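Colleague: There's a structure below that I have some questions on.
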2 protein chains.
Amino acid sequence: MTLALWLIVACGVLSVVYGVVTTRTLMAANAGSARMQEISSAVREGATAYLKRQYTTIAIVGVVILIAAWLLLGIYAAIGFLIGAVLSGAAGFIGMHVSVRANVRAAHAAQTSLAGGLDLAFKSGAVTGLLVAGLGLLGVTLYFIFLTGSGFAPTDRTVIDALVALGFGASLISIFARLGGGIFTKGADVGGDMVGKVEAGIPEDDPRNPATIADNVGDNVGDCAGMAADLFETYVVTIVATMVLAAIILPTELQLIGMVLPLAIGGVCVLTSIAGTYFVKLGASGNIMGALYKGVIATGVLSLIALLPVMWIMFGDMGLSITVGETIFTPWALYFCGVAGLVITGLIIWITEYYTGTGRRPVNSIAEASITGHGTNVIQGLAVSLEATALPALVIIAGIIVTYSLAGLFGIGVAVVTMLALAGMIVALDAFGPVTDNAGGIAEMAGLPDEVRKNTDALDAVGNTTKAVTKGYAIGSAGLGALVLFAAYTQDLDYFIRTATEGNFFFGVGEVSFSLADPYVVVGLLFGGLLPFLFSGMSMTAVGRAAQSVVVEVRRQFRENPGIMEGTTKPDYGRAVDMLTKAAIKEMIIPSLLPVLSPIVAFVVVLLIAGKAAAFAALGAMLLGVIVTGLFVAISMTAGGGAWDNAKKSFEDGFTDSTGQVHYKGSEAHKASVTGDTVGDPYKDTAGPAVNPMIKITNIIALLLLAVLH
Amino acid sequence: MTLALWLIVACGVLSVVYGVVTTRTLMAANAGSARMQEISSAVREGATAYLKRQYTTIAIVGVVILIAAWLLLGIYAAIGFLIGAVLSGAAGFIGMHVSVRANVRAAHAAQTSLAGGLDLAFKSGAVTGLLVAGLGLLGVTLYFIFLTGSGFAPTDRTVIDALVALGFGASLISIFARLGGGIFTKGADVGGDMVGKVEAGIPEDDPRNPATIADNVGDNVGDCAGMAADLFETYVVTIVATMVLAAIILPTELQLIGMVLPLAIGGVCVLTSIAGTYFVKLGASGNIMGALYKGVIATGVLSLIALLPVMWIMFGDMGLSITVGETIFTPWALYFCGVAGLVITGLIIWITEYYTGTGRRPVNSIAEASITGHGTNVIQGLAVSLEATALPALVIIAGIIVTYSLAGLFGIGVAVVTMLALAGMIVALDAFGPVTDNAGGIAEMAGLPDEVRKNTDALDAVGNTTKAVTKGYAIGSAGLGALVLFAAYTQDLDYFIRTATEGNFFFGVGEVSFSLADPYVVVGLLFGGLLPFLFSGMSMTAVGRAAQSVVVEVRRQFRENPGIMEGTTKPDYGRAVDMLTKAAIKEMIIPSLLPVLSPIVAFVVVLLIAGKAAAFAALGAMLLGVIVTGLFVAISMTAGGGAWDNAKKSFEDGFTDSTGQVHYKGSEAHKASVTGDTVGDPYKDTAGPAVNPMIKITNIIALLLLAVLH
């Protein structure tokens, strides 16, 4: 196993090397004219300033929690927390660092060809993607090697608690980064669009708009850094949860193998993801989504092949009979669970593309509804967003049934791990979005020819879909992994109750019923269910508030300085960036604490009313409640937002309605579609995606609560 | 018990008598000028034509199901189904019949005073309210008397199946009526507003708008008839579920008492509701909500007092020790459960008023957000709608904990029954809304002085809140009663499995686990969870489609007949009514069948994959899944929609923003608020409220499925 672990470390290192090498190639590309570089550096400065401030604030919360973790759970958990937090921050920071430099180069490359722009933007995304996977893998594997090397058995509680704490560190950073970044980016985007596009009638990213730099900064801090932190968290938590599960439920002789397996899958899929990036090439047809698909399919097929030797090496015999409770399965079955994970990923990509891609029924229906006005646009967008939850949920349901039938709970774990092992590739698809979005902004502001903007817009439309894909993928993995996360809790609880001695909190708790007929289970489900709603309500309010302040500021600049609209004086870009930085940091705190404190409050309240068994039951049910509603809330928001955005984009080349009439940019229908896009912005980039780390934090806090009470 | 039952019948008869007498008083009121009567009769004709067509369509589906019920479950179930269906339809039809006549009289009365308008509108609402409660009570009680008089023991399966089938009849009509009416009313409202208010800049209900009669028809068929059918269903299903629960879980000697108790509570609360209606009087302050509160508080306090003798008479001894499983409770505890039901109702009213009433933080925040544009208005409205779910959910959670601690499952049942026993009063509050809305329309179209419209608008703003109250109340009762509905299923299932003999479907199924650790339970939760999302997505699409066709039609009339806008020619009102009638009937079918077919499909699929026990577990979990997400989806939609509507109304008297500036009707901010209102329309009046009957149908189908398989 030691060799295997070091091989996994090698895979992690390789992905970092890929990141460094690719970044060098990117930096070597032409950074365009002085004007372009000037704009790009304004964006870079704003983004760096924001991130510095955000991390400083998070660090304050982080240090408090670090000390608490140390005192309550010991030094190893505290170190784990620190590793998770630092790596999560690093993944976001480095990704953004590359992204703010790639934007101007992609804009320059798009002057020559669509393929050139795609190549640069995708490479930048791939750096972020592989760093997310690579750093995640390295963090967990190295710390696991260190802990087991320090004399702890792999299944020792210290090891498990330390790994869970590592996940918690990642989750905590991720929710702050997702929310803070999301509020910043959408405050700028919504506010800027509302005054710029709708009121003043100037195009997006017009240099006359005082919010335009802030908007581009937002793409980086929200869609790039925030997203990277989120996926890092998802990746790490899933691997850790599956490792914990293996340690608890597998037969003793297979526990270590089972714990290393998720890491091995992660390692081999980093390799297939790197290989996959080389397949992304624009074909003669100029189909951008097709080019990206090539990369995804290559990674999928290679993973499908590579997983087989991994299983074989890990277990030694593909026909080995493994007994867990009443379930008996073989490594073959686990392999097919992995395949199921790949298939689920593919289906989620395909469904998301259907619901958010231009030219399909859902996006067209929103565009068509725009012709009758703002109201019908929003109604249809909401209808699409609600409807878009059904197919992904059915896929997840099927996934649970198939993988559980194949290999029980551990089978589900392997499927989720395999699904997330592709994170390198999937995040690459996503992180390519903000680069193209920025490239478009730079092209517009630098006054490059219209064809450039057309190229970047085409890339950006695909970016909307791929961004929705990642979010559906992250939250889908939470849905598929619901039972794994829940099992980590119930099995831990069971273990603590079984081994409790007198004086211990768990002594004499007796059997905890998670039956739906138990009122405290229903109470837990409802309480968990309310969290995603309340949380996203709070985040939407935060974006609304931030956007309103931007609108007020932009209107003020236009009013007090008429030279801006005439193009004779430059607007004060810095003020909007500053204002948003402060607003986003302030607004992110309270919603982020909701999932941290809710499990504790719920547990204590039920404990006081109805005793320990009821409190544990309610807390457990809460973990499922938050997934059951969170899954739908998150998918509806991310898919709906993507569809709204692309419905707006449909007008840019002229949208042909059902009567054959063509509606162009600037038409009333287009204005209505901008309203929908505005509404979709916080839906898809703030509230929706932040639900995923919120779910994870709730789950991890529950696990840590058990560890603390022990 | 026979005497008690006949006394309950007497209460039911009294409520019908109240309805007849009050209707006569209403009809005696002055019906206004010839022009007003002309408008009113156009609305009446449209509404009657729509309802006739709707009931004809439903009858076709109904007959098919009636025959199926007869064949599968026998004649008594078929008759029960018929009674439920017919009475549900009747409650809606009669309520609407009164409402379309009261509207013009309320408009006339509002010419003299606000108090006069309120009085007439509220009385009309009270007729509908007391018919809902009275007919529900009569239907269940008389059929129960008939069945037990026909030689069946009260707890005989035939009796239980027949009562459940009665609930099913009510539910089926109700979902069609809610959806069909909702699509009609909101198609007209949204479509009419978008062309009229936003594009043409003419006021709501302007006679030049070709959709204006359709809009007023919609208020009656949707908000009056549809709502009445919905609440009738909620009332009946809750009583029936609690009766079934009593028959199954109470000790043998208390079963009959327990079955009659819900009816007795219903009976006495019909009396307190009638008494309460006389307390609704506008005080010197002119506070409309205050006047309505007086009625609600009077009903609540009287019920609080009257429940005590009911318990005492039913059980004979308030200290009697009742043992159900491990729970022991007394009639005193049941009394306090009833009190809890009243308190929950009060809290839900109060919270809903907070979230939807003008002048409070949530509505003001939406109005304020309108100043920065359409987009921020919608974002803030969505934020409020999401946030508005938290407090009601917490109230329901507290309700479950308190009542279960007091008297176990049956205690929850008594609390929900008491909550719904106030339906007479609560529906009165709601049904008063469409009357005032119509009165305003008639005032506008008939060109009555502006003060009249001001009076009716003031009434209408309160109507928005009370409409949201009823919906929150209906869905809240579903949340509180979740365990009762679930217990009806699990206890039935348990009974069938226990008593199964060889050859029976239930033979050898063994124990069914409803543990959250079971994958089929999680699958069921997720599948149930997706239904409210998919269902409301479909209903929103339907409204969007209907509205778009209205927009196209109204634009056509304006274009082809310029005399309309000049006021020289009359628009063709009938076309819009006709078009919407066809559209609504067509669009209501498929979404309505979703909750009917889903439980069956889910059961069969899981049965084929994993066998009987898994299928029963998944089906059971589905029932809770549909409540867990449905509760939040419904509350967020109904509260959010109400808040949007009243944010728009805030501009009518001038909205003072945070900087002290006043924004009036016709301002850009007002236009943005109209967009929000438009979006909120299908949210609050179509998709949101229809979730409640949807949940009930899913539950009842599951119960009937068990009965059929037996």
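The values are calculated or read from the model by the stated rules, or taken from the named source; none is laboratory data. Remember, predicted model here, so these are calculated numbers, not experimental data. Positions of Cβ are generated from backbone atoms using ideal geometry, with glycine treated the same way; all protein chains shown enter the neighbour counts.
Colleague: Identify, from the list A:VAL339, A:VAL296, the residue that is within 26 Å of A:PHE122 (Cβ to Cβ), away from chain B (no Cβ under 14 Å), under 26 Å from the mean Cα position of the chain (by Cα) and aliphatic (A, V, I, L, M).
Modeller: A:VAL296
Colleague: Could you list, in sequence order, the residues of the stretch A:153-199 that are small (Gly, Ala, Ser), part of a helix (DSSP H, G or I) and more than 14 Å from chain B (Cβ to nearest Cβ)? Lay out the reasoning, then the answer.
Modeller: So in the stretch A:153-199, the residues small (Gly, Ala, Ser) come out as A:153, A:162, A:165, A:167, A:169-171, A:174, A:177, A:180-182, A:187-188, A:191-192, A:196.
Now restrict to residues that are part of a helix (DSSP H, G or I): A:162, A:165, A:167, A:169-171, A:174, A:177, A:180-182, A:187-188, A:191-192, A:196.
Result: A:ALA162, A:ALA165, A:GLY167, A:GLY169, A:ALA170, A:SER171, A:SER174, A:ALA177, A:GLY180, A:GLY181.
Colleague: Return a yes/no flag: does the stretch B:646-663 have any residue that is among the hydroxyl-bearing types (Ser, Thr, Tyr), at pLDDT 90 or above, under 18 Å from the mean Cα position of the chain (by Cα) and in a helix (DSSP H, G or I).
Modeller: no
Colleague: Of the residues A:VAL395, A:VAL469, A:VAL462, A:VAL416, only one is crowded, with 24+ Cβ neighbours inside 10 Å and within 14 Å of chain B (Cβ to nearest Cβ); which?
Modeller: Values: A:VAL395 fails: crowded, with 24+ Cβ neighbours inside 10 Å; A:VAL469 fails: within 14 Å of chain B (Cβ to nearest Cβ); A:VAL462 fails: within 14 Å of chain B (Cβ to nearest Cβ).
Result: A:VAL416 is the single residue among A:VAL395, A:VAL469, A:VAL462, A:VAL416 that is crowded, with 24+ Cβ neighbours inside 10 Å and within 14 Å of chain B (Cβ to nearest Cβ).
Colleague: What are the residues in the stretch B:202-239 that are polar (S, T, N, Q) and in a loop (DSSP other than H, G, I, E, B), if any? I'd like the intermediate steps shown before the answer.
Modeller: Step one: list which residues in the stretch B:202-239 are polar (S, T, N, Q), which gives B:209, B:212, B:216, B:220, B:234, B:238.
Of everything in the stretch B:202-239, just one residue is polar (S, T, N, Q) and in a loop (DSSP other than H, G, I, E, B), namely B:ASN209.
Colleague: Let me ask something additional. Can you give me the number of residues within the stretch A:649-664 that are crowded, with 18+ Cβ neighbours inside 10 Å and closer than 21 Å to A:GLY463 by Cβ?
Modeller: Our first condition is that a residue be crowded, with 18+ Cβ neighbours inside 10 Å; within the stretch A:649-664, this holds for A:649-652, A:655, A:663.
Narrowing further to those that are closer than 21 Å to A:GLY463 by Cβ: A:649-652, A:655.
Residues in the stretch A:649-664 being crowded, with 18+ Cβ neighbours inside 10 Å and closer than 21 Å to A:GLY463 by Cβ: 5 in total.
Colleague: Hey, can you tell me all the residues within the stretch A:3-30 that are part of a loop (DSSP other than H, G, I, E, B) and surrounded by 18 or more Cβ atoms within 10 Å (Cβ to Cβ)?
Modeller: Within the stretch A:3-30, just A:ALA29 meets the criteria.
Colleague: Further question: Please work out which one of (1) away from chain B (no Cβ under 11 Å); (2) under 28 Å from A:ILE401 (Cβ atoms) is the condition A:LEU516 fails and give its number.
Modeller: (1)
Colleague: Taking the stated definitions as given, is A:THR675 under 20 Å from A:GLY201 (Cβ atoms), in a helix (DSSP H, G or I) and within 9 Å of chain B (Cβ to nearest Cβ)?
Modeller: Numbers: under 20 Å from A:GLY201 (Cβ atoms): yes; in a helix (DSSP H, G or I): yes; within 9 Å of chain B (Cβ to nearest Cβ): yes.
Considered against the rule, which asks whether it is under 20 Å from A:GLY201 (Cβ atoms), in a helix (DSSP H, G or I) and within 9 Å of chain B (Cβ to nearest Cβ), A:THR675 comes out as yes.
Colleague: Can I ask one more? Are there any pairs, at least 6 apart or on different chains, whose C-beta atoms fall under 7 Å, with the first in the stretch A:502-528 and without any contact (Cβ under 8 Å) to a residue 24 or more places away in the chain and the second assigned to a loop (DSSP other than H, G, I, E, B), and if so, which?
Modeller: Matching pairs, first to second residue: A:PHE507/A:ALA500; A:PHE507/A:THR501; A:SER515/B:PHE514; A:LEU516/B:PHE514; A:ALA517/B:PHE514.
Colleague: Can you pull out every residue in the stretch B:196-221 that is surrounded by 24 or more Cβ atoms within 10 Å (Cβ to Cβ) and either among the aliphatic types (A, V, I, L, M) or without any contact (Cβ under 8 Å) to a residue 24 or more places away in the chain (or both)?
Modeller: B:ALA211, B:ILE213, B:ALA214, B:VAL217, B:VAL221
Colleague: For B:ASP492, state whether it is at pLDDT below 90 and within 27 Å of B:LEU593 (Cβ to Cβ).
Modeller: Working: at pLDDT below 90: yes; within 27 Å of B:LEU593 (Cβ to Cβ): yes.
Spelling it out, B:ASP492 is indeed at pLDDT below 90 and within 27 Å of B:LEU593 (Cβ to Cβ).
Colleague: While we're here: Condition test on A:ALA618, is it surrounded by 21 or more Cβ atoms within 10 Å (Cβ to Cβ), touching a strand residue (DSSP E or B) at 6+ places or on another chain (Cβ under 8 Å) and of a type in the set (Gly, Ala, Ser)?
Modeller: No, not satisfied.
Colleague: I need the helices (runs of 4 or more DSSP H) fully contained in the stretch A:342-460, keeping only those with at least 1 residues that are without any contact (Cβ under 8 Å) to a residue 40 or more places away in the chain. It would help to see each step written out before you state the result.
Modeller: Working: elements: A:361-370, A:374-387, A:390-421, A:423-445.
Fully inside the stretch A:342-460 and qualifying: A:361-370, A:374-387, A:390-421.
Colleague: For the list (1) farther than 23 Å from A:GLN491 by Cα; (2) of a type outside the set (A, V, I, L, M, F, W, C); (3) within 14 Å of chain B (Cβ to nearest Cβ), I need the number of the one condition that A:GLY611 fails.
Modeller: (1)
Colleague: Please determine, by comparing only the residues of the stretch B:92-128 that are closer than 13 Å to B:MET36 by Cβ and surrounded by fewer than 24 Cβ atoms within 10 Å (Cβ to Cβ), which one is modelled with the highest pLDDT.
Modeller: Here the answer is B:ARG101.
Colleague: A further question follows. Given (1) closer than 29 Å to A:TYR18 by Cβ; (2) surrounded by fewer than 24 Cβ atoms within 10 Å (Cβ to Cβ), where does A:CYS337 come up short, assuming only one miss?
Modeller: Condition (2) is where A:CYS337 drops out.
Colleague: Same structure, new question: Please state which one of B:GLY258, B:GLY266 is part of a helix (DSSP H, G or I) and under 18 Å from B:VAL339 (Cβ atoms).
Modeller: On the way: B:GLY258 fails: under 18 Å from B:VAL339 (Cβ atoms).
Sole residue among the options that is part of a helix (DSSP H, G or I) and under 18 Å from B:VAL339 (Cβ atoms): B:GLY266.
Colleague: Which residue, of A:THR629, A:THR581, is at pLDDT below 95, in a helix (DSSP H, G or I) and within 27 Å of the chain's Cα centre (by Cα)? Step through it out loud before you land on a result.
Modeller: On the way: A:THR629 fails: at pLDDT below 95.
None of the others qualify; the one that does is A:THR581.
Colleague: Looking only at the stretch B:536-593, count how many residues are charged (D, E, K, R), in contact (Cβ under 8 Å) with a residue 12 or more places away in the chain and closer than 16 Å to A:GLY373 by Cβ.
Modeller: So the count comes out to 3.
Colleague: When the stretch A:493-513 is examined, which residues are found to be part of a helix (DSSP H, G or I), touching a Leu at 6+ places or on another chain (Cβ under 7 Å) and more than 13 Å from chain B (Cβ to nearest Cβ)?
Modeller: Applying the first criterion (part of a helix (DSSP H, G or I)) to the stretch A:493-513 yields A:493-499.
From what's left, touching a Leu at 6+ places or on another chain (Cβ under 7 Å): A:493, A:496.
Selection gives A:PHE496 alone.
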